Amino acid sequence: MTSSEKIEYFEQFLNQPEENYADSFKADIIMFFDDDFSKENSQLLFLENLNSKRDIENWINKLTSRFVTKFDSEFETENDFIYDYLENG
């Protein structure tokens, strides 16, 4: 996949209708990226490490699952939580 294809699929997958509670956190991910899904957004460089649609889906699903199991709104913001995931996996 090209960088543009990865970004396009990333945005498309995030905008799919919610099917469960974890999916509700996709909106927070969209806001984290300032709804800017362009090549100029340097925050999207992590996509270079993902090679397929399945990799992108797994990345998003893992992050939303972590929101459900580990996010504590009393001690961190959604943006801090996503940033930590980008940096530390």
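The values are calculated or read from the model by the stated rules, or taken from the named source; none is laboratory data. Small disclaimer: the values here were computed from a predicted structure and weren't measured. Every residue, glycine among them, receives a Cβ derived from its backbone with ideal geometry; neighbour counts consider all protein chains shown. What goes into the accessible areas is simple: the full protein's heavy atoms, side chains included, and nothing from ligands, DNA or RNA. Shrake-Rupley method; radii C 1.70, N 1.55, O 1.52, S 1.80 Å.
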>> Let's test the formula: R0 of 22 Å, r as the Cβ-Cβ distance of residue 31 and residue 68. What FRET efficiency results, to the nearest 0.05?
In response: 0.80
> Per residue, what accessible area does the chain have, given a 1.4 Å probe and all protein chains present, in Å²?
Replying inline: 64 Å²
> Considering only protein heavy atoms and a 1.4 Å probe, what is the carbon-and-sulfur percentage of the accessible area of the chain?
Replying inline: 43 percent
> Percent relative contact order of the chain, based on C-alpha pairs within less than 8 angstrom and at least six residues apart?
Replying inline: 38 percent
>> Give me the one-decimal nm value for the distance between modelled label points at residue 80 and residue 1, 7 Å along each residue's Cα-to-Cβ direction.
In response: 3.1 nm
> Taking the Cβ of residue 85 as the center, what net charge do the other residues with Cβ under 13 Å away carry, scoring Lys and Arg +1 and Asp and Glu -1?
Replying inline: -3
> Whose amide H sits under 5 Å from the amide H of residue 37, counting only residues 5 or more places off or on another chain, with H placed in the peptide plane?
Replying inline: none
> Using a basic spin-label model with each label point 7 Å from the Cα along Cα→Cβ, how many nm lie between residue 11 and residue 24?
Replying inline: 2.7 nm
